[in-house]
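**Q** Questions regarding the structure given below will be posed in turn.
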Amino acid sequence: MDSSVIIGPAALPALAEFLYRPAVSRVFVLADSNTARLCLPLLEPHLPANYCLIEMPAGEEYKTLGSCDAVWGQLTAQRADRHAVLVNLGGGVVTDLGGFAAALYKRGIRFVQVPTTLLAQVDASVGGKTGVDFQGFKNQLGVFQAPSAVFVEPRFLQTLDPRQLKSGYAEVIKHWLIADADAFNKHRRLGWLTEDWTDIIQESVALKQRIVAQDPLEAGPRKLLNFGHTVGHALESYLLLQPGREALHGEAVAAGLVCESWLSVQRGLLSPEELDKIETFVFSIYDKLNFVLMETTAIAEFALQDKKNSGATINCTLLNGIGNGVFDQSVTVAEIAESLRYYHRL
């Protein structure tokens, strides 16, 4: 499952070297309307002259089979063969959807990830998870398919607004909470803004790669990476169906980090003092997501579709102290709803 991840100024030249190999018949670039405008100019000098751009609309609401249909349609119209390569230029939506589309086209063509958001650079593009949303549920359809390589150029982050940067930072915090207490304690004092993201990206990618190498198909320890996501995905999915109330993935995960840390306290795994540190750090960066108490059960019920579940049991990752995640902790819809009520009262 492991694939090479190249981070920093060498990334795009290494991509060019990969794409100019004789074994590559044709290069296709999947971008959304934002990355085609803001990021493609930085990538283009490293692409073959005859590359073909496939553009999709930007936004989580387009992470669907319909968008895949459009990608497959263009690949087919251009007579892309099994030696073609799809370059996914974008955030988590583009890297997830592009990887999924490539994995299914002609039973699989190679793809590479060129993540342009912090979220995709530290998390979504690494580890071989691909997929799309279906009937309102996050990543309901997907396959494990490793990219040929991941090329991370931190300069792309200069195209992001602060809200998008913060969204990605939630995944960085998650990595610290499940596996690196020292980094969490260091960075909660430093604050989240930095001039150069390279070191943080490298540390996060290395941590994720270590976990994925142990468990490529998420049968065990890889579930640790879902901390904050059982509640986070439920919130994100619910709000996505409410026009005008949509939350970014990382904003929902940040709320999930608080809720699932609170659940950890209820189980006697995490101390109230540790919960206070987590809450203080999260709320120093993120505004609270708005929902009303009457919605908490409806939101919680989205967790019944979580991919880590076993039958009717909702399996959650919790914290046995900061820096030590524990997976396969069963929780109920009622407990998730109560954690959302706790979050609402803060």
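**Q** Pick from V85, V132: which is β-branched (V, I, T), over 26 Å from A23 (Cα atoms) and touching a helix residue (DSSP H, G or I) at 6+ places or on another chain (Cβ under 8 Å)? Working first, answer last.
**A** Numbers: V85 fails: over 26 Å from A23 (Cα atoms).
After ruling out the rest, the residue left standing is V132.
**Q** Within region 288-311, is even one residue in a strand (DSSP E or B) and farther than 30 Å from L190 by Cβ?
**A** Filtering region 288-311 down to residues in a strand (DSSP E or B) leaves 310.
Then drop every residue that is not farther than 30 Å from L190 by Cβ, which leaves 310.
Yes: one or more hits.
**Q** For the condition over 26 Å from G168 (Cβ atoms), surrounded by fewer than 21 Cβ atoms within 10 Å (Cβ to Cβ) and touching a Gly at 6+ places or on another chain (Cβ under 8 Å), what is the one hit in R82, R26, R21?
**A** Being over 26 Å from G168 (Cβ atoms), surrounded by fewer than 21 Cβ atoms within 10 Å (Cβ to Cβ) and touching a Gly at 6+ places or on another chain (Cβ under 8 Å) holds for just one of R82, R26, R21, which is R82.
**Q** Turning to a different aspect of this structure: Go through L257, L304 for me and flag whichever is surrounded by fewer than 22 Cβ atoms within 10 Å (Cβ to Cβ) and either of a type outside the set (F, W, Y) or closer than 21 Å to A183 by Cα (or both).
**A** Checking each option against the conditions leaves just L304.
**Q** Within region 186-206, how many residues are surrounded by 11 or more Cβ atoms within 10 Å (Cβ to Cβ), touching a residue at least 40 places away in the same chain (Cβ under 8 Å) and part of a loop (DSSP other than H, G, I, E, B)?
**A** 2
Read-outs throughout are calculated quantities, based only on the coordinates presented, and are distinct from any laboratory measurement. The shown structure was predicted, so the numbers you read here are calculated from the model rather than taken from an experiment. Quick reminder, even Gly has a Cβ in these numbers, built from the backbone with ideal geometry, and neighbours come from all protein chains shown.
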